[in-house]
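Report on one structure; see the data block that follows.
No value in this document is a laboratory result; all are computed from the given coordinates. The structure presented is a predicted model; accordingly, all values stated were derived computationally and were not measured. Here the Cβ is made from the backbone with ideal geometry for all residues, glycine too, and neighbour counts use every protein chain on show.
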Amino acid sequence: MNPAASIPFDAGAAFAAVEQVLAARAVPGRALRHELVQILREVQSHTGWLPRAVLGRIAAGVGLTPAVVQGVAGFYRFLHLEPVGRCHLLWSDNVTDRQAGSRVLARELHRRLGVAPGLVRADGLASIGTTSCTGLGDQGPALLVNHHRVLTRMDSERVAELADLVLAEVPPAEWPAEWQRVDDNVQRADMLLAAAPLAGEALRAALARGAEATLGEIEASGLRGRGGAGFPTGTKWRLARRAAVPEGGTRVVVCNADEGEPGTFKDRVLLARQAHTLFEGMAVAAWVLGARQGFVYLRGEYRFLLEALEAVLAARRAAGLLGKGILGSAGFDFDIAIHVGCGAYVCGEESALIESLEGKRGTPRIRPPYPVTHGYLGQPTVVNNVETLCAAAQIARCGGAWFARSGTAASSGTKIHSVSGDVARPGVYEYPFGVSVREILEAAGAPDAQAVQVGGPSGVCLAAHEFDRRIDFDDLASTGAFTVFDRTRDLFEVARGYARFFAHESCGFCTPCRVGTELIVRRMDKLAAGFGSLFDEAELHALEQLLHGSTHCGLGANASNPLRDTLARFRPAYERRLVQPRFVPAFDLDAELEPARRVTGRDDPGAHLERMA
């Protein structure tokens, strides 16, 4: 039993926090139930966790049943239905953090704070766990503190000091600022990262050009979505522009800033350096679509950016770049709200993201219909990621032909890559499309690279003989992750870590993903324990094919990509573990029969599997 389960909570203060959050979230014309995820997150920031009584108060306030509210809260990993420590510390469990020693440091922190994994100190002071990735792969090992602050570049000395501060109950706001420093690490800049943040230039150009002509420039540019799928941005915007709007509704612009793919952090840098440009791109989209409402879905691990982003929004409202009558244009009314995620990788999928925006569990929708016709609250909705919207803003300012001059014929413009792992110079690298993997490796300083994971775990793992392949939509499409492994790394262990990630992050909606990802983990754990055989390899192949052909959404279908690629390209890493000539169980089957022997009073050779054999 968790010792903290008996720690009482202050019901009066908790209920007061609920009323305060509900009052602040009450917006005319918008049902509070659509704010449920944000209400839960904000209440928890006061209470530390969400007891059943608190969930009941929230349910009454938003007009839902307690069961529905609890079901939503239970979906998100950053919402807690059981107590956590007043100082809740989550180590990033991304592969680069592990390779930098995060697990050794975590064990040391557990020892110093006197708290076991998965438990809370009896006094409620602290708890320690892991999260899949913090988006800080270029400066790990990293820690997330109370889902609000981040600590970078952790080492044994910092862990010792951190433990002392926690035990002394020093508030995280007073911890050393150097620990909380997040560097942009821009190693190569091009048309997006090198540009000055926009302060109305793109909007003025779009207004002068007109909505239809501005959309024409987006189409002429050849801009394609930077989230990995590469759908033409102009086509998406035109479909939403043509879609019927429900009576009393509007079109909606959504920025997907839920950058959850392990190894990706380029959107974090754009949010920090180019927030003005991002919001300008959203306003340009709103002008083209006739949208009045916009959202940024900010991943929960980037909560530390929230105040700075809100300040940029306030400055743009004051400058007439958001709100009613933007830049004096009557009827051009558009504003943006920031929705902070609560730790669900699947919400990077656009329909799951919309479900979350509506205050629900982030379960991907069945499509069609698509968001461009039936998105947020049934309204036509465009969902683009941070990089795509920043590019759209620059196209509105400089024109489609300017943008199309960079890159290739089928993949125009530039792509920003988050480079981490076994490299001398980790960080973000912006290159025109068509750059080879080898060029990026040389720039980052990786002379001994064995493999590169392009596009994160759901992307492609390349071997050294493939490093001349090019990043573009005709060869290697990428979300922006570029994780490098040198020849000291065991690619089986890399794939096993990614398998654990997908099993942990499965939304649980469909059986192939929910069960299949867990079966892959168990089978790979069996190989790691020394019980592998050719039978197990065949089972892994079967599971890989099952996931690719039967899951509800693309995220589940991609969950077996690391297994597929490493089996094909790094087979010796598996052969070392396929040591048994025939199938053996991963446990002592004869020992499992001991209770039956005791009950029957038998101990003869026929009652023992080994003696029978």
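Can you tell me the dipole magnitude for the chain around its Cα centre, using point charges on the Cβ only (Lys, Arg +1; Asp, Glu -1), in Debye to the nearest 20? Can you show the working numbers first?
On the way: 66 positive and 69 negative charges, 244 e Å.
Magnitude of the dipole: close to 1180 debye.
Mean separation of Cα pairs under 8 Å and 6+ residues apart, divided by the residue count of region 492-575: what relative contact order is that in percent? Can you show the working numbers first?
Values: 80 pairs, mean separation 29.9, N = 84.
Computed value for region 492-575: 36 percent relative contact order.
For an R0 of 25 angstrom, estimate the FRET efficiency from the Cβ-Cβ distance between Val515 and Ala586 and round to the nearest 0.05. Each step should come with its number before you reach the end.
Numbers: r = 17 Å, r/R0 = 0.70.
Once rounded, the FRET efficiency stands at 0.90.
Given the DSSP H assignment, sum -39500 (n - 2.57) over each helix run of at least 4 residues in the chain and divide by its residue total; what's the result at 222 nm in deg cm²/dmol, nearest 500?
-12500 deg cm²/dmol
Cβ under 9 Å from Pro364's Cβ, Pro364 left aside: what net charge do those residues give with Lys, Arg +1 and Asp, Glu -1?
-1
Tell me which of Met154, Phe501, Trp175 sits at the most positive position along the dipole axis of the chain, charges placed on C-beta atoms (Lys, Arg +1; Asp, Glu -1).
Value computed over the given set: Phe501.
So if the hydrodynamic radius of the chain is defined as the Kirkwood radius over C-alpha pairs, what does Stokes-Einstein give as its diffusion coefficient at 37 °C and 0.692 mPa s, in µm² per second?
127
Given Cβ point charges of +1 (Lys, Arg) and -1 (Asp, Glu) and nothing else, what value in debye, to the nearest 20, does the dipole of region 295-441 about its Cα centre take?
Result for region 295-441 is approximately 180 debye, rounded to the nearest 20.
So for Leu543, Leu593, Leu162, fewest C-beta neighbours within 10 Å to most, what's the order? Write out the running numbers ahead of the final one.
Numbers: Leu543 21, Leu593 14, Leu162 25.
Fewest-to-most Cβ neighbours within 10 Å comes out as Leu593, Leu543, Leu162.
Given H placed 1.01 Å from N in the peptide plane, which residues other than close sequence neighbours of Ala451 have an amide H under 5 Å from its amide H?
Amide H neighbours of Ala451: Phe485.
Give the whole-number value, in cubic angstrom per residue, of the convex hull volume spanned by the C-alpha atoms of region 521-613. Write out the running numbers ahead of the final one.
On the way: hull volume 11.4 nm³, N = 93.
Convex hull of Cα atoms, per residue: 122 Å³.
May I ask you to list the chymotrypsin sites (Phe, Trp or Tyr not before Pro) in region 515-613 that are in a DSSP loop and have at most 13 other Cβ atoms within 10 Å of their Cβ?
Within region 515-613, the qualifying chymotrypsin sites (Phe, Trp or Tyr not before Pro) (loop, at most 13 other Cβ atoms within 10 Å) are Phe583, Phe587.
Express the relative contact order of the chain as a whole percentage, based on alpha carbon pairs under 8 Å and six or more residues apart in sequence. Provide the component values of the computation, followed by the final result.
Working: 1193 pairs, mean separation 77.0, N = 613.
About 13 percent, as a whole number.
As an exercise, identify the GluC sites (Glu not before Pro) in region 147-214 lying in DSSP coil whose Cβ has no more than 13 other Cβ atoms within 10 Å.
Glu169
What ranking do 507-518, 283-294, 307-318 get when scored by the average of other Cβ atoms within 10 Å per residue, highest first?
Details: 507-518: 18.4, 283-294: 25.2, 307-318: 14.5.
Per-residue mean Cβ counts within 10 Å order the peptides as 283-294, 507-518, 307-318.
Where the only charges are on Cβ atoms (+1 Lys, Arg; -1 Asp, Glu), what is the dipole of region 414-488 about its Cα centre, to the nearest 20 debye?
Its charge dipole is roughly 120 debye.
Please list, ordered by chain and number, the residues whose modelled amide H lies under 5 Å from the amide H of Gly375; skip anything fewer than 5 residues away on the same chain.
Correct list: Thr381.
Based only on Cα atoms, what Rg/Rh ratio does region 492-575 have, Rh being taken as Kirkwood's radius?
0.94
Report, ordered by chain and residue number, the lysines lying within cross-link reach of Lys415, taken as a straight Cα distance under 25 Å and ignoring same-chain residues fewer than 8 apart.
Lys236, Lys266
List the trypsin sites (Lys or Arg not before Pro) within region 546-588 that fall in a DSSP loop (any state other than H, G, I, E or B) and whose Cβ has at most 14 other Cβ atoms within 10 Å.
Counting only loop positions with at most 14 other Cβ atoms within 10 Å, the trypsin sites (Lys or Arg not before Pro) in region 546-588 are Arg576, Arg582.
Over region 104-143, what is the relative contact order in whole percent, taking alpha-carbon pairs under 8 Å and six or more residues apart?
That works out to 24 percent.
Could you tell me the center-to-center distance, by alpha carbons, between region 20-35 and region 209-240 in angstrom?
Each part reduced to its Cα centre gives a spacing of 34 Å.
If you add up the charges near Ser458, with Lys and Arg at +1 and Asp and Glu at -1, over every other residue whose beta carbon is less than 12 angstrom from its beta carbon, what do you get? Mind dumping the intermediate values first?
Details: positive: Arg564; negative: Glu261, Glu349, Glu505, Asp565.
Value of the local net charge: -3.
What Kirkwood radius, in Å to one decimal, follows from the Cα pairs of region 43-179?
It is 15.9 Å.
Show me 406-418, 43-55 ranked by packing, highest mean number of other Cβ atoms within 10 Å first.
Values: 406-418: 22.4, 43-55: 19.2.
Going by the mean number of other Cβ atoms within 10 Å, highest first, we get 406-418, 43-55.
Around Lys415, which amide H atoms from residues at least 5 apart in sequence, or from another chain, sit under 5 Å from its own amide H, with H modelled in the peptide plane?
Residues meeting the criterion, in which the H sits 1.01 Å from N, are Tyr431, Phe433.
Starting from the Cα gyration tensor of region 187-398, multiply each eigenvalue by 5, take the square root, and state the resulting semi-axes largest first in whole Å.
After diagonalising the Cα gyration tensor, the semi-axes are 23, 21, 17 Å.
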